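> Below is one structure. I have some questions about it.
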Amino acid sequence: MTQETDRLFAQPLPQIPDFVFNEAVVRVFPDMIKRSVPGYPTIVENIGVLAAQFAQPHSVLYDLGCSLGAVTQALRRHVQTPDCRVIAVDNSSAMVERCTEYLHAQDSMFQELLPVEVLEADILDLVLQPASLVALNFTLQFIQPEQRLGLLARIRQSLLPGGALILSEKLRFADDEEQALLTDLHIAFKRANGYSELEIAQKRNAIENVMKPDSLGQHRERLLAAGFSKVVPWFQCLNFASLIALP
Ligand SMILES: Nc1ncnc2c1ncn2[C@@H]1O[C@H](C[S@+](CC[C@H]([NH3+])C(=O)[O-])CC(=O)[O-])[C@@H](O)[C@H]1O
Ligand SMILES: O=C(O)C(=O)Cc1ccccc1
């Protein structure tokens, strides 16, 4: 499997197009997300650990906005519940193609993994089957803000009693000082991972129209409005957090 270094924004670009999950991004994605999202490897691995506590026989585990299937692979490393299957969904054809290859590679290396189906689809159009676990790992922030409540309500409806939604997101902070501090610290994290000031600035420019983070308070209120009964943050590193929402 090729692991390329992310240099997508290393050269000055005359004009910066909106960020899209295309073939160029797919090639560098594992490197990009690890160097950009503090705590990402810990979150991904532990989604597998948490999922094993919620998984129920004869149910589906969803990985919505699966990209290259990192969460799906973690689910398959940790969940051994009988008759569970994973459905991984992404609307980027480049992501789905590479994700499918990676999951075949996992199949060839390990026995008795949960069966998995990779779908190229918009998660807003998906008819959800009864699920014991739904993971939205850094996906909701790319959904139009006005579509987010409807999506969460549909996820809530699909969840079996005893199931859970795991929602990971970049956070925004209502307090200006807190927002400024955590933004600076996130930039320091990127710099420490080898990104230049130019790369950091151009990436921010590319992403700002397509990725719209909410505050923890907004997430909590919206999850409750969608019908979830309890929202429990289980991880935060700088301005990136992951929540468990219970039906
Ligand atoms: N409407 C949509 N329908 C389906 N997919 C979508 C939609 N909108 C965006 N996506 C997909 O959501 C993914 C978001 S990345 C998730 C990381 C992954 N979860 C990981 O754990 O590695 C997060 C990031 O890059 O910061 C991309 O692959 C999009 O194509
Ligand atoms: O928040 C940021 O600055 C990011 O770079 C997050 C991110 C990581 C990977 C793809 C898109 C956005």
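Just so you know, all these numbers are worked out from the coordinates, no wet-lab data involved. Note that this is a predicted model, so its numbers are computed, not measured. All Cβ positions, glycine included, derive from the backbone under ideal geometry; neighbour counts span all protein chains shown.
> Hey, can you rank 225-231, 46-52 by average C-beta count inside 10 Å, highest first?
On the way: 225-231: 15.4, 46-52: 19.4.
Taking the mean over residues of other Cβ atoms within 10 Å, the ranking is 46-52, 225-231.
> Once you wrap a convex hull around the alpha carbon atoms of the range 144-222, what is its projected area averaged over all directions, in nm²?
Working: hull surface 27.6 nm².
Reported value for the Cα convex hull: 6.9 nm².
> In the chain, what is the count of Lys pairs whose alpha carbons are under 21 Å apart, counting only pairs at least 8 residues apart or on separate chains?
Close lysine pairs under the 21 Å cut-off: 11.
> Of Ala225, Ile155, Ala188, which is farthest on the positive side of the dipole of the range 135-247, counting Cα position, with +1 on Lys and Arg Cβ, -1 on Asp and Glu Cβ, and the Cα centre as origin?
The residue sitting farthest along the positive end of the dipole is Ile155.
> For the chain, what D do you get in µm² per second when you plug the Kirkwood radius from alpha-carbon pairs into Stokes-Einstein at 20 °C and 1.002 mPa s?
Values: Rh = 18.5 Å.
After rounding, the answer is 116 µm²/s.
> Let me ask something else about it. Put one equal scatterer on each alpha carbon of the range 23-64, apply the Debye formula with no solvent term, and list log10 I(q)/I(0) at q = 0.26, 0.32 1/Å to two decimals.
-0.92, -1.07
> Something else now. State the antiparallel share, in %, of DSSP beta bridges confined to the chain, rounding to the nearest 5. Please report the intermediate quantities before stating the final value.
On the way: 13 of 34 bridges.
That works out to approximately 40 percent antiparallel.
> Now, a different point. Go ahead and collect, in residue order, the members of the range 79-98 whose backbone nitrogen is under 19 Å from a label point 7 Å along the Cα-Cβ direction of Phe142.
87-98, by backbone N distance to the label point.
> Rounded to the nearest 10 degrees, what's the angle between the helix 145-158 long axis and the longest principal axis of the chain, both from Cα atoms, 0 to 90?
Long axis of 145-158 versus the principal axis of the chain: about 20 degrees.
> OK, next. Give the distance, in whole Å, between the Cα centre of the range 5-53 and the Cα centre of the range 62-120.
Using only Cα atoms to place each centre, the spacing works out to 17 Å.
> Compactness ratio of the range 1-129: Cα Rg over 2.2 N^0.38 Å, N = residue count? Each step should come with its number before you reach the end.
Values: Rg = 15.7 Å, N = 129, 2.2 N^0.38 = 13.9 Å.
Cα Rg divided by the expected 2.2 N^0.38 Å: 1.13.
> With a point put 7 Å past each Cα toward its Cβ, work out how far Asn209 is from Leu13 in nm, to one decimal.
Between Asn209 and Leu13, the simple spin-label model gives 1.1 nm.
> Taking only DSSP H segments of four or more residues, each worth -39500 (n - 2.57), what value at 222 nm results for the chain once the sum is divided by all its residues, to the nearest 500 deg cm²/dmol? Before the final figure, lay out the partial values.
Working: 8 runs with 107 residues, N = 247.
-14000 deg cm²/dmol, from helical runs alone.
> Related question: Within 10 Å of each candidate Cβ there may be at most 14 other Cβ atoms; applying that plus a DSSP loop requirement, which GluC sites (Glu not before Pro) in the range 160-247 survive? Please report the intermediate quantities before stating the final value.
Details: sites: Glu169, Glu177, Glu178, Glu197, Glu199, Glu208, Glu221; in loops: Glu208.
Passing sites in the range 160-247 are Glu208.
> Same structure, new question: Could you order peptides 120-133, 65-78 by the average number of other Cβ atoms within 10 Å of their residues, highest first?
Details: 120-133: 16.4, 65-78: 24.5.
Listed from highest to lowest mean packing, they are 65-78, 120-133.
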